1. Within segment 55-80, how many residues are surrounded by fewer than 18 Cβ atoms within 10 Å (Cβ to Cβ) and not hydroxyl-bearing (Ser, Thr, Tyr)?
2. Identify, please: which residue in segment 45-54 is out of contact with any strand residue (DSSP E or B) (no Cβ under 9 Å at 6 or more places or on another chain) and not polar (S, T, N, Q) and is, among those, most open to solvent (accessible area, probe 1.4 Å)?
3. What pairs can you find where one residue is in segment 104-127 and open to solvent by less than 70 Å² (accessible area, probe 1.4 Å), the other is small (Gly, Ala, Ser), and their Cβ atoms are less than 6 Å apart, with a gap of 6+ or different chains?
4. Look at segment 84-99 and say how many of its residues are in a loop (DSSP other than H, G, I, E, B), in contact with a helix residue (DSSP H, G or I) (Cβ under 8 Å, 6 or more places away or on another chain) and aromatic (Phe, Trp, Tyr).
5. Being over 12 Å from Val35 (Cα atoms) and among the aromatic types (Phe, Trp, Tyr) is the filter here; which residues of segment 81-136 pass it?
6. Which pairs have Cβ atoms under 9 Å, sit 6 or more apart or on different chains, and link a residue in segment 161-190 that is farther than 17 Å from Phe136 by Cβ and among the acidic types (Asp, Glu) to one that is outside any loop (DSSP other than H, G, I, E, B) and open to solvent by 30 Å² or more (accessible area, probe 1.4 Å)?
7. Looking only at segment 136-155, which residues are surrounded by 22 or more Cβ atoms within 10 Å (Cβ to Cβ) and on the phi > 0 side of the Ramachandran plot?
8. Kindly evaluate Leu13 against the criterion of being touching a helix residue (DSSP H, G or I) at 6+ places or on another chain (Cβ under 8 Å) and not acidic (Asp, Glu).
Amino acid sequence: VQPGTKIEHVVALYYFDFDLRNILNRYLSRIEVAVRTALLYELSNKYINNPTWFVDPSVVTASFIADFPTVAYNAIRKNDVIKRHHKKYLGPYAPAWKTMEYMTLGNLEILYDSLVLNKDKKLVSNRFGEPATGTFKSYLSAIRELRNACAHGKAVFDLKLYNGIRTGKAGTFSRATRHSVREALAVVDYLLGTISANRVNDMWKEIYAATSRLYEKTPNIRPI
């Protein structure tokens, strides 16, 4: 705690972080939908005769296939849509267009990372203008960590990412800063911009409005 900190400063920062989480959650959801759509569209069209390509050893790694039932599908199977599918059709899995609708952002990140062919990864990353697949993977990791922090009430304004962000189309990130929330916001800004420039503008207007409310209540917190 900084010298001179007052309880009202703590309360103001708490409500600012609450607002920030709610703002980011909405726009991170847009990115999640776009990532899911890109994976589903690109790979389902490439493997058009293989509706369960996500468990095909020629497409994804053996470790992903081995873990998929417990890590992802056991939860997916509880959904009413998937229950109805299994009552009507044989086979251990519903097709990709049904299954992937209920995969979490974390599931999607692991699926992307588990694609065997780098050219398959490029099909997805190129949809977002990032040709380097390793860099795009770091973007997915950043938004997944940020999304989890927002969803579970963790402080976001000073969040430190477990996985660092690689330099790429979203910006140049140094070793000292690539774990910071500022760089994570640069990734959100970039990915959201590939979806809708208007949504980027809306997001920053909301963030600046929340920040202005904080500074009005506690101007001495601005340098921090």
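1. Here is the first cut: in segment 55-80, the ones surrounded by fewer than 18 Cβ atoms within 10 Å (Cβ to Cβ) are 56-58, 61-63, 65-67, 69-71, 74-75, 77-80.
Now drop any that are not not hydroxyl-bearing (Ser, Thr, Tyr), which leaves 56-57, 62, 65-67, 69, 71, 74-75, 77-80.
Residues flagged as surrounded by fewer than 18 Cβ atoms within 10 Å (Cβ to Cβ) and not hydroxyl-bearing (Ser, Thr, Tyr) within segment 55-80 amount to 14.
2. Just the residues of segment 45-54 that are out of contact with any strand residue (DSSP E or B) (no Cβ under 9 Å at 6 or more places or on another chain), to begin with: 45-52.
From what's left, not polar (S, T, N, Q): 46-48, 51.
Values: Lys46: 83, Tyr47: 43, Ile48: 119, Pro51: 75 Å².
Going through the qualifying residues, I end up with Ile48.
3. Hits for this filter: Asn107/Ala72; Val124/Ala38.
4. Total satisfying the criteria: 1.
5. Answer for segment 81-136, where residues must be over 12 Å from Val35 (Cα atoms) and among the aromatic types (Phe, Trp, Tyr): Tyr89, Tyr93, Trp97, Tyr102.
6. Every condition considered, no pair remains.
7. Across segment 136-155, there are no qualifying residues.
8. yes
The values are calculated or read from the model by the stated rules, or taken from the named source; none is laboratory data. None of the values given here were measured: they were computed from a predicted structure. Cβ: placed from backbone, ideal geometry, glycine included. Neighbour counts: every protein chain shown. Accessible surface is based on the protein model in full, side chains and every heavy atom, while ligands, DNA and RNA are left aside. Shrake-Rupley method; radii C 1.70, N 1.55, O 1.52, S 1.80 Å.
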